[in-house]
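Notes for the one structure printed next.
None of the figures in this text is laboratory data; all of them are computed from the coordinates on show. Predicted, not measured: the structure shown is a model, and the values here were computed from it. Here the Cβ is made from the backbone with ideal geometry for all residues, glycine too, and neighbour counts use every protein chain on show.
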Amino acid sequence: MNYILNIETATKNCSVSLAKNGETVLCKEIAEQGYSHAEKLHVFIEDILKETGVSVQDLKAIAVSKGPGSYTGLRIGVSTAKGLCYALGIPLISVDTLQVLAKQVVVENGLIVPMLDARRMEVYSAVFDANHNKIMEVQAEVLTENSYAEITEAVYFIGDCQEKCKTVLVKNNFNFLPEIVFPSANEMSSLSYEKFVKNEFEDVAYFEPFYLKDFLIAKPK
């Protein structure tokens, strides 16, 4: 049995799942305004292993959502994943956060655009087809009324910034799915298993999250 522990902390959603051969066995998560990742992450991991009866020695790999997303959230998730991998001597797998988010959309055709809020009218985004293949790389973009204007097929926007997106993205082929807000470790299960089978592992010592933008600390006034 190939058990993989999946950790998703790139947004306000602190999410952990245990997967067996790419299928989620159990997922625990909570999305709180104050970012409770530091308090909840290790509790979720312990609870999942206890409830499923799976030992840490049974784990074949640890997968972590690599970003883009919250600087603090990513640091917590990645440091936890690396620590577990180092202690257990098992591989580290990284998964694209926006792809994890896109996996929640089930459509027969059209394009999926997961977006994460980057303040003001800026977002972290990427574009996927209906089969969740990435056709436009991750970018930080400032949304305007001209964004995605060249696309004529159906577009499905998801993520935690849909309300502000609606103010400028108003074409008839634009669709918003308000029920899909945060990436979840539940959707990481199949993605991490695909990488596990292909031996697509990260260097535990040197792996860093994909921040996309430099982290800036504002000076106090």
Going fewest to most other Cβ atoms within 10 Å around each Cβ, 119, 75 line up as 119, 75
How do 37, 132 line up, fewest other C-beta atoms within 10 Å first? 132, 37
Could you give the size of the charge dipole of the chain about its Cα centre, using +1 on the Cβ of each K and R and -1 on the Cβ of each D and E, expressed in debye and rounded to the nearest 20? 520 debye
Among DSSP beta bridges lying fully in segment 96-194, give the percent that are antiparallel, nearest 5. 60 percent
Which label marks the calculated value of Cα Rg over 2.2 N^0.38 Å, given the options [x] 0.92; [y] 1.07; [z] 1.02? [z]
Could you calculate the contour length gain from residue 30 to residue 177, that is, 0.36 nm times the residue separation minus the distance between their Cα atoms, to one decimal place in nm? 50.9 nm
Given a cut-off of 23 Å, what percent of all Cα-Cα pairs of segment 93-221 lie beyond it? 36 percent
Exposure proxy check: 80, 52, 167, 24 ranked by fewest other beta carbons within 10 Å? 167, 52, 24, 80
For the chain, what is the percent of antiparallel DSSP beta bridges, rounded to the nearest 5? 60 percent
